[in-house]
Every structure is written in structure tokens, then in C-alpha cells.
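Read through the structure below, which is laid out as C-alpha cells, and then see the notes.
The values are calculated or read from the model by the stated rules, or taken from the named source; none is laboratory data. Note that the coordinates shown come from a computational prediction; the quantities given were computed from them, not determined experimentally. Cβ: placed from backbone, ideal geometry, glycine included. Neighbour counts: every protein chain shown. Calculation scope for accessible area: heavy atoms of the full protein, side chains included, ligands and nucleic acids excluded. Shrake-Rupley method; radii C 1.70, N 1.55, O 1.52, S 1.80 Å.
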Amino acid sequence: MDSFPKDIQRAAFGAGKMRNALLTYFILLLTSGQGEGRVVQVSEGPLVRVEGQPATLSCNVSDYEGPSEQDFDWKVLHGNSWLQLISTFDLNYADQSLRSRVDSGDITVDRLGPASVELQIRRLTPADSTTFRCSTPSTDSVISGNYEADVKLSVLQDSLKVASSAPPAVVPEGGPLGLYCNATRDTPQQGYTHLSVTWSVGRGAGPEDVLSFGPDGGVTVGANYTQRYSDGGLRLDLQGGGVFGLVLTEALPGDGGAYACTAREWFHEVGGAWQQILQRSVELGEVQVTPTAQSLTVSVEEDDITLSVGDTLNLTCSIAIDYQLSLGLEVTWLLSPAPRGGPAESRVLAQMSRDGVVKGAAGPVRFTRVEAGLFRLLVQGVAQADSGLYSCQVRVWIRRSGGEWYQAAQNTSAPVQVLVTMKEADFKVVLLDGVTPQYSGDPTELECRVTDVSGLGGGRLGVSWLYAEATPGDVLSPGSGSVVAELDGGGNLRPGNGHGERLERGLLVLSRSEPDIFRLRLLHTLDSDMGAYSCAVSVWSPAPHGGWERGKEVHSEPLNVFWTSKTPRVSVAARRLREASTAGGTFEMSCQVTGQNLQNPGYSVLIQVEEKVGGRVRKVLSLSPDSVLELEEWSELDRVVLEKTSPTEFRFRLYQAQRADRGFYYCTVTAWTRQPGTPGTWTRSVSAQSNKVHVHFTDKGPVFNVSVRADSSRVSQWETAKMQCIVSILGPAPSADDVSYEVRWFLSRAQAPDSAALLASVDRWGVVWKGLRNGSSDCSIERVGARTYALSVHSVQDSDAGQYYCTATPWLRSPTATWTRGRDITSSRIYLAVNFALWDSMQRPLLVGLGVSLAVGILSILLGLICTRCFCRNPLPAPRSHGPLTDMEME
């Protein structure tokens, strides 16, 4: 069979299959009736393509029997006969007239899957405008369905022509950009095909579609141009006759690039899908968008100008820019008072917005638009303040299609120097001393007189007062020093640095008694005010914008202000006015103050007591210069009084003098001077201490003593330690109603032997106070006898070990029912030791250990017995004979 030609083999194989198929088909008709079979499908036609372009025809089969991979045969209708074109089974299947195209690869068949293929025609010819048939040899057991399908292919002539219209190579920013191309085809094809046109731009990273029109009359906008198209920045210009145009209404700097126009021919296939059958592109050309900033030039037409005061300043700003039709110009005139090359601190004179609204132009300033690109500034009646650098600043705004504006460029012209001069006034300045101080605190008055005034015109005079530190005999140059205060031409008063407070309080006064006479007055001259004073008189002229401007300035010669300073002195004498001869009496003392070289002084008094000569000093109370009484280191305000009986005399009284109040009393007086104009503010001047007055009286009362006793000097933890503080009296004891005690208990621990902690106290009224405790122990205090006070420390801890002692303060009542406080009496110290309960701490662990050991021992014995009985039993040894040998062994 292999030796036969392939066509014969296929015929034989087909005949055999045909016989089997007929038999199978007959059986199916008898048993189950008619059913579905093989289905062959090709591309839905008719298909339209263009000459010279490729074409693809698909074919697939379904609902078949036999092997999964099927073979396909393609035929083409030539006249009235079908010619074999190409097959997947037979490589020599093509007809002789078509073999050259198949062998050259112009016509190929590509298998897409086991049951689908594609017929590829790389370059269509007019002869390809015919019907193509796809068939599949039968592998079915029953012939059923269709085994072939036809598709009509129409090949049109390639008549698409695309021509370009070159856009302008350079477009100004904000100007329109039109992109036009001509796309046509032959009239017979217009009924079958449709055109679409796409504009694209290339900027190095590949072309980007801007907008596409067609083929169904719709518009497709590129991703980066959607908003711009919605705002009207992109629009189509369809002029007819195959002319297609795209207009960018406002060109932007980013619109530059190489533009191209692509025309595509489409066929509307059956089913509604659009099939592109031809595409042709043409380069429109390179477009460059010139930024507005590159073409914007701003200049002032005038050169540097010198004017006189009162003249008119006329400046013109010239603006040159490409394409001004859709631009908005914002023009601003700037004035910098600094000379050329100095710091550019400019202020706005006038401004015209892009809508033509002028801001800032008022009074003598006029700002107008002469014509397109020319703006004029007029300043009438110029003054010296109008001198400076004038420049014109321009901002260019472009309006987008959506209506919003954006700033495209900004430029400022070169400055023009404008100098306004005037004839200066001529005058002389003389400084005179009106009032000279003799002491600190005296007033000072200086007079600045202006003489030989000429050429002042409508101006005014102002003055600046200067001060410089100097010593007698120093010669300073005019104008030396810092400004104390100044009075300008408008009568405005301005203090210098560090003099504002004195000026506000009225201590520093500037006045103008006549147009040419100025005065400076210091109401209270201080030592720090001594030095060299001078005045500077300046001319103030009316400013064109209102107010006054400074002109010429003339300085006087410095004038020295000095006086001889005298050291302030103060002395105080204390004398006894009333003697406290016994406890409970009243002591009164007078302090007489004498001051020298003090201006309006005030005195503060501090009463102090010294227990003994060279002993501890205690402050009693004080009286401020404003007569504010303050208790210092004294606890009872109701027993002491300090009052001011005259400007230089103070009296101190001590009521109910007690034993603890005895000592040496004296006064410490401080002289203060009040700063003028500063109520409540005093400056310390000098202090002095008086002689000492001894307060001493015989105390014939009982003598008290304090002792301490403890039940035990050693206690264990968690026990209660008890101690007693016993007050004893030597001599006749007063009645219980005439004596009372304050008792305090202290603890000095071994860690801090120099400090003692107050544990508890009870005052003479029986009120108990207890200190804070950090541990778990607590303490209590109680009176167990007439003069016995017990301290109990409960639940003693290690931290409670230390030295304990108590202090007692007796209070005695005199026959006049006055209570007198005695001195504090301190007892000796006793040491309390806290034992560590070793047996108590070890008792429980020992008991637990013995119990565990006993249990383990008993358990071990039981286990040993069990093992011996159960696992270690041996048979009894055999009884030994008692023969003669045995007896010998025993021997």
C-alpha cells in the first residue's frame, strides 16, 4: 500500500471509509432517526481586503468522529472550476497554476489547533478576489453534517492617498497650532470602506496618539489630552474634500515634537465589527513651541533722570512679546530707595492687573496704558523721598480654553536712577544748660536753640537728643552718642533704646517752646545720667504721599553734665522705753534713724535678738519701706508689735515676756530711695545696725528636768516596745492647773546618728500628732501620769532600732492668768535593740525537714522488706552430717 501514489492511497482510503459510512448511516436511520454531524466553519463573509495587503481566512471543524487532529484542504474558485490550493495532509496538493505562490510562501496554512487552521495570503492580487472553500476529509463512522464551507473574498484596488500640509515650524506659547492632512481613495470603494485619521506626536520616547477621528464618525482622545479636549483646547476642523484638521487652540511649551498623520481604511464586516484593511502614515513636520519667557522683553524707555523737588516724573514701560492677542499683561512699577548695586528692597508704587484695574495709584501718582505694549507712570510734585531706582515688572498670563489663567512668564526691566534734589536750608544750632543738677535726684534741663535760619520754606524743624558716656574733661565730636529721644517735624515723639520707660512715666520730657527752641528735661537725674549731651536739628519737608520726610541735619557741640556725688549715710540708735523686770512683763524699745545725703528716703526695719553675746541670732519681725509688717522667725504674732511713729522713728514692743525671750535686742535699718515716677519700686541704698538692748529678768519659778526609761532595752520583732518620758520638778511644785507640758518623742537611727525623726508629740492642750511610718510598725503616745508620757512602738521592726529620747516644754500660768512658755528640756538617750528571732524563723523549716526525713526513712524500710520477702528468698541449706569429720572441723 505504501508503494502506491498518495492520491491513489487517499482514494482507496476514502472509498473504504465511504462504504463504512454508508453502512453506518443506514443503521442509524433505521434505529434512531436523523441527528447532527460534522460542522465545518470558515470566516464569516463576505470579506473585503486591499490589493497588496495580507489576508487571513480561518477554518475549523467540530462535532466529528475519529482522531482529534483533523486535516484541512483549501480550494479556490477559478471561473467555474475549483482549483486545489493547499492542504495540511498533502504537501503537493496545490494546483500547478498556484504551486509557485505556495512554494514561495506567499500562501501558507497555519494550524491553530487540532481542529482549526488559518489560510495566510501575504500579498493579495486582483485574482484573489474570488471564493475560497475549506473542506475536511471524513473520519466519521456515519456521514452527517457538512464537510466543507465557502467564504467570499473581495480584493479592492489600493487607492488610499495621504498628503500632508506642513505646520509652522515655530509657534509662540498661547498661539493656535493647526495640523492638516489630506486622505482620499477612489470613488467606487467609498461605498464599501470607511476612513479614520489619527494625529500623533513623537518626543523621543515613541509616538503618542493625540486624537483619532472615525471610522464610524466618533472621536477618540489620547490619555494625556482628555481634559484639554473637554475644555475646548483641541478641536477638529473637517473642511471636506478629504481634508482633515486638528487645531490646538493654545499651544503649550510641552506641545513641541514631530507630528504625524495616519489614515486607515476600514471595512464593516458582518456582525458589526470593524476590520482595518489598510493603513498609511505621513510626517507632518517638527513643531517647536517658543515659551513666552523667551520672547518677553521689558524696558524703561527713559535713561537716568535728575529732577528738582516739585517737578513731574514721566516714565514709560515698553513690553515686546510674540503673539499678544490672547495674553494678559500685569504691569507693576517698583521703587527701590537703595542706590544701584545695593540691597533690592523695593516697594510697589502702582499696579495694573490683566483686566486693566489700577491699584496703588493715588494722589500725585498716575498709571495709564498708552497703547499695546506701552504703559506710562506719572508722579507729580516729586519730593526727595521719590529718589531711587524705578523698574517695571511684567507678568504674562495665558488663558486656557477652560477659562482659567496661568502665569506663563515674568520679567523686570533694568532699573532707572531717579534723583530728586532740593536747595537745603541753612541754620546753626547752639546747646545751652538751663538747670544744672547738684545732687543725684535733682532736675536737669537743656535748651537747644536754632539760629540764622534761611531757606526753610514750607519745611519744619525736628530735634534728636543724644547722650554719650564721658568723664569731666573729655572732648567729643558732634553727633557722638546714642539717641535719647527725638521729635520729628510732625510733632511725633519717639524714645531711643532704653529710654522708653522713663519717657512713658514722665521722667523724661521733650518740649518745643518756640519754633526754633527745643528743651530736654530730666525730672530726677541719676548718677548714670552724667555724661555728654548734644542735640541734632533736622529739616522736615512735606512728603508727596502725605506725612513728612527728613532732610538736612545739623549737630550742636556736646555739653557735659556732671556733679560731685556724695556717699549716702545712715545711723540708728536703740533705747529702752519700758523694762520687762519679770516674766509676763512688757518690753518696749525705740529705734531712731538719722540719714545723710539721701533724696526722699524710705526705711525698712528688722528687729533681731541674740540669745547671748556671739550666740545664735534670731529674726523677730520686719517692717518694709511701704509699712508692710512681716513675721520672720517668731511664732507668736500677738506678742510682738513694730510700728512707725515718725518718718525716722520706729518702736518695738514685746508683750508677756518669757524666759525664752531673754537676750539682746537690736534694730537693723536699711535706707531705700524710690525711683521717681515708679510707685512701689525701691532701690536699696545703705544699711546700719543699732546698739543692743539687753532683756533680762530673774526667773524664780520651779526647775524642770526630763528623764526617759524603757521597760526593756531589747525586744524581738513584732513585739511592742514601751518607753516613758518623766518630767520632774525641783523646788516647790506649782498646782496642776498652773502648769502644762508639750512632749515630743524622737528616734535617732544608727544609719543617720546626726539627724532625728519626730515620732509623735502631744501639745499642752492634749492634741496628739504622729509622724508618717514607712514600715508595718506603728507608735502611740499617751499620758499615764501627771508628768509621765508613755511611747509604745507596736509590731517592732529592724528599722525601729536606735536611740530614743524626748523633749518637754513646760508652760506656767502667772497670777495674772498669763501663760509663759519655758525653755525646751531634752532627756538623755536610751538605745533600743531589736533581736532577730532565729529559733522562730528556723522552727518551721526544721519541723518540715524532720517530718520529710522520717517519712522517707519509713518508706525505704517498707520497700526493703517487700523486696526481701518477694524477690530475694533462698532455699534452706541441707543439714550437715555429724560424722567424725564434722567433729574434727568443729574442733
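Which residue out of SER748, SER795, SER712 is without any contact (Cβ under 8 Å) to a residue 24 or more places away in the chain and either within 17 Å of SER828 (Cα to Cα) or touching a Ser or Thr at 6+ places or on another chain (Cβ under 7 Å) (or both)?
SER712
Could you tell me how many of the residues in segment 649-667 are more than 14 Å from LEU577 (Cα to Cα), open to solvent by 30 Å² or more (accessible area, probe 1.4 Å) and in contact (Cβ under 8 Å) with a residue 60 or more places away in the chain?
Going through segment 649-667 one residue at a time, the tally reaches 3.
Test SER454 against the stated conditions and say whether it is more than 30 Å from VAL298 (Cα to Cα) and at pLDDT below 90.
Yes: the conditions hold for SER454.
For segment 497-522, how many residues are small (Gly, Ala, Ser) and in contact (Cβ under 8 Å) with a residue 24 or more places away in the chain?
The total comes to 1.
In segment 40-91, how many are within 30 Å of GLN279 (Cα to Cα) and among the hydroxyl-bearing types (Ser, Thr, Tyr)? Steps first, please.
To start, the set of residues in segment 40-91 that are within 30 Å of GLN279 (Cα to Cα) comprises 41-60, 74-78, 85-86.
After this cut, where a residue has to be among the hydroxyl-bearing types (Ser, Thr, Tyr) as well, the list is 43, 56, 58.
Going through segment 40-91 one residue at a time, the tally reaches 3.
What residue, among those in segment 467-485 that are closer than 17 Å to VAL430 by Cα and surrounded by fewer than 20 Cβ atoms within 10 Å (Cβ to Cβ), is farthest from the chain's Cα centre (by Cα)? Quick ask: steps written out before the conclusion?
The initial filter retains those residues of segment 467-485 that are closer than 17 Å to VAL430 by Cα, namely 467, 475-480.
With the extra rule that they be surrounded by fewer than 20 Cβ atoms within 10 Å (Cβ to Cβ), the set shrinks to 475-480.
Details: VAL475: 56, LEU476: 53, SER477: 53, PRO478: 52, GLY479: 48, SER480: 47 Å.
Going through the qualifying residues, I end up with VAL475.
Of (1) closer than 30 Å to ASP322 by Cβ; (2) in contact with an Asp or Glu (Cβ under 7 Å, 6 or more places away or on another chain), GLY256 satisfies all except one. Which?
Answer for GLY256: the failing condition is (2).
Out of the residues in segment 222-253 that are part of a loop (DSSP other than H, G, I, E, B) and within 51 Å of the chain's Cα centre (by Cα), which is farthest from GLY402 (Cα to Cα)? Give the derivation first.
Residues of segment 222-253 that are part of a loop (DSSP other than H, G, I, E, B), as a first pass: 222, 231-233, 241-242, 249-252.
Of the ones still in play, those that are also within 51 Å of the chain's Cα centre (by Cα) are 222, 231-233, 249-252.
Values: GLY222: 18, ASP231: 5, GLY232: 7, GLY233: 8, THR249: 11, GLU250: 11, ALA251: 14, LEU252: 14 Å.
Checked segment 222-253; the qualifying residue farthest from GLY402 (Cα to Cα) is GLY222.
Wholly within segment 138-221, which strands (runs of 3 or more DSSP E) include no fewer than the required count, namely at least 2 residues that are touching a helix residue (DSSP H, G or I) at 6+ places or on another chain (Cβ under 6 Å), within 30 Å of SER81 (Cβ to Cβ) and hydrophobic (A, V, I, L, M, F, W, C)?
148-156
Of all residues in segment 499-551, which are aliphatic (A, V, I, L, M), over 15 Å from ARG449 (Cα atoms) and not in a helix (DSSP H, G or I)?
LEU507, LEU508, VAL509, LEU522, LEU523, LEU526, MET530, ALA532, ALA543
Which one of LEU177, LEU211, LEU252 is buried (at least 17 other Cβ atoms within 10 Å of the Cβ) and either at pLDDT 90 or above or among the acidic types (Asp, Glu) (or both)?
Numbers: LEU177 fails: either at pLDDT 90 or above or among the acidic types (Asp, Glu) (or both); LEU252 fails: either at pLDDT 90 or above or among the acidic types (Asp, Glu) (or both).
Of LEU177, LEU211, LEU252, the one residue that is buried (at least 17 other Cβ atoms within 10 Å of the Cβ) and either at pLDDT 90 or above or among the acidic types (Asp, Glu) (or both) is LEU211.
Among the residues of segment 436-466 satisfying the criterion of being in a strand (DSSP E or B) and without any contact (Cβ under 8 Å) to a residue 60 or more places away in the chain, which is least open to solvent (accessible area, probe 1.4 Å)?
Selected residue: SER454.
Which residues, taken from segment 467-498, are more than 13 Å from ALA536 (Cβ to Cβ) and assigned to a strand (DSSP E or B)?
Of everything in segment 467-498, those that are more than 13 Å from ALA536 (Cβ to Cβ) and assigned to a strand (DSSP E or B) turn out to be LEU493, ARG494, PRO495.
Need the failing condition index for LEU832 against (1) loosely packed, with under 10 Cβ neighbours inside 10 Å; (2) among the aliphatic types (A, V, I, L, M); (3) at pLDDT 85 or above, just the number.
(1)
Tell me which residues, restricted to segment 559-606, are in a strand (DSSP E or B), closer than 24 Å to ALA688 by Cα and under 58 Å from the mean Cα position of the chain (by Cα).
Our first condition is that a residue be in a strand (DSSP E or B); within segment 559-606, this holds for 559-561, 569-578, 587-596, 601-606.
Restricting the remaining residues to those that are closer than 24 Å to ALA688 by Cα gives 569-578, 587-596, 601-606.
Result: PRO601, GLY602, TYR603, SER604, VAL605, LEU606.
Out of the residues in segment 684-711 meeting the condition of being polar (S, T, N, Q) and either at pLDDT 85 or above or assigned to a strand (DSSP E or B) (or both), tell me which one is farthest from PRO568 (Cα to Cα). It would help to see each step written out before you state the result.
Going through segment 684-711, the residues polar (S, T, N, Q) turn out to be 685, 687, 689-691, 698, 705, 707.
Next, only the ones that are either at pLDDT 85 or above or assigned to a strand (DSSP E or B) (or both) stay: 685, 687, 689-691, 705, 707.
Working: SER685: 7, SER687: 10, GLN689: 15, SER690: 17, ASN691: 20, ASN705: 53, SER707: 57 Å.
Once the filter is applied, the top-ranked residue is SER707.
Mind checking which residues of segment 254-284 are part of a strand (DSSP E or B) and β-branched (Val, Ile, Thr)?
THR262, ILE277, VAL282
Given the criterion more than 47 Å from the chain's Cα centre (by Cα), surrounded by fewer than 19 Cβ atoms within 10 Å (Cβ to Cβ) and farther than 30 Å from GLU557 by Cα, identify the matching residue among ALA362, ALA372, ALA414.
Checking each option against the conditions leaves just ALA372.
What number of residues in segment 819-829 are open to solvent by 30 Å² or more (accessible area, probe 1.4 Å) and assigned to a loop (DSSP other than H, G, I, E, B)?
Counting residues in segment 819-829 that are open to solvent by 30 Å² or more (accessible area, probe 1.4 Å) and assigned to a loop (DSSP other than H, G, I, E, B) gives 4.
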